[in-house]
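Below is one structure, written out as structure tokens; comments come after it.
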Amino acid sequence: MSGSQYAAAGVDLQGAEAAKARIAALVTGARTAHSVGKVGAFGGMVRVPEGYRRPVLVMSTDGVGTKVLVAREAQRFDTVGEDLVNHSVNDILVHGARPLAFLDYVAGAGLGIEQTAGIVEGVARGCRQHEMALAGGETAQMPGLYRPGDFDLAGTIVGVVEEELAIHGDAIVPGDALIALESSGLHTNGYTLARAILFDHLKLTLEAKIPGTGSTVADALLQVHRSYWTALAPVLDRVHGLAHITGGGIPGNLVRVLPAGCEAVVDQTSWALPPLFELLQRGGGVAPEEMREVFNLGVGMIVVAPAEHVASVRGAATAAGVPSWVLGEVRPGTTGVRFV
């Protein structure tokens with residue numbers, strides 16, 4: 001099959017090559033001192049940083065879900081890549097790992113050069129902000145599997161931590177405090193329900209304003225997933241456990257780090273729902289229990305730390321520009337999360 005026939009079938013090889021050239025420049029700008037090998041090689045290589053006695057690699061793969069549909073409708077492609085990086089950084093941060101390298105995967109159909117480059121620019125920007133190598137990735141044009149203009153985005157992160165310093169949650173004990181770090185919005189979870197409420201039920205447009213804020217629906221939904229690396233890296237040695245509040249909400253993620261005999265008690269009066277979440281609950285008639293299971297409710301990360309370290313943990317968050325508050329405490333009991 002000739003190139004012109006392939007293009008007629010939905011795959012533009014010339015456009016793909018032009019996009020690869022743009023992406024190669026972006027990857028080059030997101031290399032670090034640990035990068036090894038050539039840009040465009042079949043595999044990406046990074047050195048393990050010096051100074052570790054027993055380095056453990058911490059790896060995670062994730063995506064940004066149906067947030068990509070909002071990006072497509074808004075024709076704003078430069079933020080979901082950064083979402084992907086920050087989400088991934090937070091997932092390995094839970095174990096105390098330092099970000100080392102990242103690989104991204106963009107699949108779709110009919111994406112232009114500027115759109116594809118915009119997505120990868122967001123990935124590269126997120127990597128640069130964390131001094132992490134963008135070691136490579138893949139773009140795939142798959143017409144027939146995706147409708148024209150549709151795309152999906154996923155990534156894999158590699159981090160490193162000293163084995164004896166890795167955080168597993170096993171140090172958590174009754175009496176530890178729960179410290180909430182504020183989310184920047186929905187982050188990358190709950191978008192299927194949020195879109196159904198805002199667009200299908202309430203009939204809002206992307207340009208509509210969120211009540212109680214000066215933000216449009218598009219701005220609120222495309223707010224970049226906050227990274228907590230800068231806020232928590234200075235105090236990881238004072239932390240007993242961390243929970244990144246993603247799909248499953250507070251109850252579904254906090255329970256993952258609790259050891260046997262420890263119950264997390266969350267004080268519902270310790271914070272007020274941000275306006276976007278209030279709109280979703282009221283506009284969709286969503287029960288509080290389902291809100292907790294689907295959305296982060298304004299809590300992006302929960303730190304479990306001894307009471308004597310609450311001030312230093314919150315101080316580090318404040319220095320990084322991240323609001324925080326005491327969310328509750330750990331008590332003896334059946335392993336689980338209870339709201340009071």
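Evaluate segment 263-275: report whether one residue or more is surrounded by 15 or more Cβ atoms within 10 Å (Cβ to Cβ), closer than 18 Å to Ile167 by Cβ and in the same structural domain as Pro211 (by TED's automatic domain parsing). Within segment 263-275, one or more residues are surrounded by 15 or more Cβ atoms within 10 Å (Cβ to Cβ), closer than 18 Å to Ile167 by Cβ and in the same structural domain as Pro211 (by TED's automatic domain parsing).
Under the condition of being surrounded by fewer than 20 Cβ atoms within 10 Å (Cβ to Cβ), of a type outside the set (D, E, K, R) and either touching a helix residue (DSSP H, G or I) at 6+ places or on another chain (Cβ under 8 Å) or under 18 Å from Thr66 (Cα atoms) (or both), the residues counted in segment 143-153 number 5.
Based on this model, can you work out whether Leu134 counts as touching a helix residue (DSSP H, G or I) at 6+ places or on another chain (Cβ under 7 Å), in a strand (DSSP E or B) and either acidic (Asp, Glu) or surrounded by 17 or more Cβ atoms within 10 Å (Cβ to Cβ) (or both)?
Spelling it out, Leu134 is indeed touching a helix residue (DSSP H, G or I) at 6+ places or on another chain (Cβ under 7 Å), in a strand (DSSP E or B) and either acidic (Asp, Glu) or surrounded by 17 or more Cβ atoms within 10 Å (Cβ to Cβ) (or both).
May I ask you to verify whether Glu50 is of a type in the set (Asp, Glu) and either in a loop (DSSP other than H, G, I, E, B) or within 20 Å of the chain's Cα centre (by Cα) (or both)? The answer is yes for Glu50.
Scanning segment 160-183 for residues that are touching a helix residue (DSSP H, G or I) at 6+ places or on another chain (Cβ under 9 Å), part of a loop (DSSP other than H, G, I, E, B) and of a type in the set (Gly, Ala, Ser) gives Gly169, Gly175.
Note on segment 252-290: residues that are out of contact with any strand residue (DSSP E or B) (no Cβ under 8 Å at 6 or more places or on another chain), in contact (Cβ under 8 Å) with a residue 40 or more places away in the chain and assigned to a helix (DSSP H, G or I) amount to 8.
Of all residues in segment 62-78 being surrounded by 23 or more Cβ atoms within 10 Å (Cβ to Cβ) and of a type outside the set (A, V, I, L, M), which is nearest to Arg226 (Cα to Cα)?
Here the residue is Lys67.
Checking each residue in segment 142-186 for being among the β-branched types (Val, Ile, Thr) and touching a Phe, Trp or Tyr at 6+ places or on another chain (Cβ under 8 Å) picks out Thr156, Ile157, Val158, Val160, Ile179. Gly122 meets all of the listed conditions (1) part of a strand (DSSP E or B); (2) touching a Ser or Thr at 6+ places or on another chain (Cβ under 8 Å); (3) buried (at least 19 other Cβ atoms within 10 Å of the Cβ) but one, namely (1).
The values are calculated or read from the model by the stated rules, or taken from the named source; none is laboratory data. This structure is a prediction, so every number in the text was calculated from the model and none was measured. As a convention, Cβ positions derive from the backbone with ideal geometry for all residues, glycine included, and neighbour counts pool all protein chains shown.
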